[in-house]
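Some notes on the structure that comes next.
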Amino acid sequence: MPTPSMEDYLERIYKLIDEKGYARVSDIAEGLEVHPSSVTKMIQKLDKDNYLIYEKYRGLMLTNKGKKMGKRLVDRHHLLEQFLTIIGVQDENIYQDVEGIEHHLSWDSITCIETLVEYFRRDENRLKELAQVRSELESE
């Protein structure tokens, strides 16, 4: 299993490749707010662990293992954003909150959250009831 730091890199690389068709060290560094030398070190580690193939001065490609993990991480991030939105977290807090919790939840917890999100999505009345309960609790 990748470390939380490896997950951040894989998620960023996956998103860059999905959006632009490629991921450069400078783009990864900018997106993660780290130095390019740190990106190079992590890329070498991800290469060693078979998440990607890295050729110095030529770029990188995600392996099937890397693509699968990258997609899973992007999906996890999106799911947690949906969950926090559903439970009423203010928009300006969602991104930071997801960044703060995504590495601390087990995949079992993620699956349970996914089920809960789907439960609310299937019936708008459930969302209204949740909002009503929240409103009642805030006014107490």
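Observations
- Long-range HN-HN contacts of Leu52 with modeled amide H, under 5 Å: Asp47, Thr63
- Within-14-Å neighbourhood charge of Glu30 [Cβ basis; K, R +1; D, E -1]: 0
- Estimated from the Cβ-Cβ distance and a Förster radius of 22 angstrom, the FRET efficiency linking Tyr22 and Thr115 is about 0.05.
- Here the gap between Met1 and Arg126, fully extended at 0.36 nm per residue and compared with their Cα-Cα distance, gives a gain of 41.4 nm.
- Solvent-accessible heavy-atom area per residue, rounded to whole Å², over the chain at 1.4 Å: 67
- Computed over region 38-139, the quotient of the alpha carbon radius of gyration and 2.2 N^0.38 Å is 1.45.
- Taking every Cα-Cα distance in region 9-52 and sorting them into 5 Å bins starting at zero, the pair-distance distribution P(r) comes out as 6, 25, 35, 25, 9 percent.
- Surface accessible to a 1.4 Å probe, Asp97 within the full protein complex, Å²: 60
- Fully extended contour minus Cα-Cα distance, from His103 to Ile87, at 0.36 nm per residue: 3.8 nm
- Greater than 26 Å apart at Cα, pairs in Lys71/Lys128; Lys67/Lys128; Lys20/Lys68: Lys71/Lys128; Lys67/Lys128
- The relative contact order of region 37-140, computed from alpha carbon pairs under 8 Å that lie at least 6 residues apart in sequence, is 17 percent.
- Crossing angle, helix 64-86 versus the chain [Cα axis fit, 0-90 degrees, rounded to tens]: 30
- Computed over protein heavy atoms with a 1.4 Å probe, the carbon and sulfur contribution to the accessible area of the chain reaches 50%.
The values are calculated or read from the model by the stated rules, or taken from the named source; none is laboratory data. It should be emphasised that the depicted structure is a prediction, and the values quoted were computed from it without experimental measurement. For neighbour counting, all protein chains shown are included, and Cβ atoms are generated from backbone atoms with ideal geometry for every residue, glycine included. Areas reflect the complete protein model, heavy atoms only, side chains present, ligands, DNA and RNA absent. Shrake-Rupley method; radii C 1.70, N 1.55, O 1.52, S 1.80 Å.
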